[in-house]
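The values are calculated or read from the model by the stated rules, or taken from the named source; none is laboratory data. Here the structure is a predicted model, which is why all the values come from computation and not from measurement. Cβ coordinates were reconstructed from backbone atoms using ideal geometry, including for glycine residues, and neighbour counts include every protein chain displayed.
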Amino acid sequence: MLLPFRRILWPTDFSDASYEALQAANELASHFEAELILLHVVHPIAVVPGPVPGQFNGPAYQRSVEAHALKTLQDITKKKVSDHIKVRTGVLIGPAANAIVDSAIKEEADLIVIATHGETGLQKLVFGSVAEKVVRLTTCPVMTIRPASE
């Protein structure tokens, strides 16, 4: 049985489109008294073997990006999620679609609510769509939210 939802996963890239999907996730979490899991996936920083000119510290930069993403998720929780909803936040590193699907499995999510960005043509051919990959790879239901501006 799919309903009621107990855990809803909302992956975000911090775009306006993803915030529209958050509205739907927030309403569903409120209606079903479900836990809302906010997730951001950070792309791994390429590590160059040997000394790097200019003292660039890849691992420190990666930690900084992760910390900033976590802080942003916490701010979103305060500003955009209803106070009565149980919320957890998380930041993962890796390819976005795979990390989202893995997180849904690990968290035993009943639903993923994700924004589409409407890529078409060459951009979609070259980069693909994270939402499309999530739909293909996951076993749990996925609600895709198309931004109103499309």
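The table below lists the values:
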read-out	value
Residues located in the range 136-149, provided they are of a type outside the set (D, E, K, R) and either in a strand (DSSP E or B) or farther than 16 Å from ILE8 by Cβ (or both)	LEU137, VAL142, MET143, THR144, ILE145, PRO147, ALA148, SER149
Some residue of the range 120-135 being modelled with pLDDT under 85, assigned to a loop (DSSP other than H, G, I, E, B) and farther than 23 Å from ALA34 by Cβ	yes
Of residues in the range 65-83 being outside any helix (DSSP H, G or I) and modelled with pLDDT under 95, the one surrounded by the fewest Cβ atoms within 10 Å (Cβ to Cβ)	ASP83
Hits in the range 24-35 (condition: touching a residue at least 40 places away in the same chain (Cβ under 8 Å) and assigned to a helix (DSSP H, G or I))	ALA24, ALA25, ASN26, LEU28, ALA29, SER30
Cβ pairs under 8 Å, 6+ apart, first in the range 36-47 and small (Gly, Ala, Ser), second not in a loop (DSSP other than H, G, I, E, B)	ALA46/GLY58
Qualifying residue in the range 97-107 (condition: among the hydrophobic types (A, V, I, L, M, F, W, C), more than 21 Å from VAL134 (Cβ to Cβ) and either at pLDDT 95 or above or not in a helix (DSSP H, G or I) (or both))	no
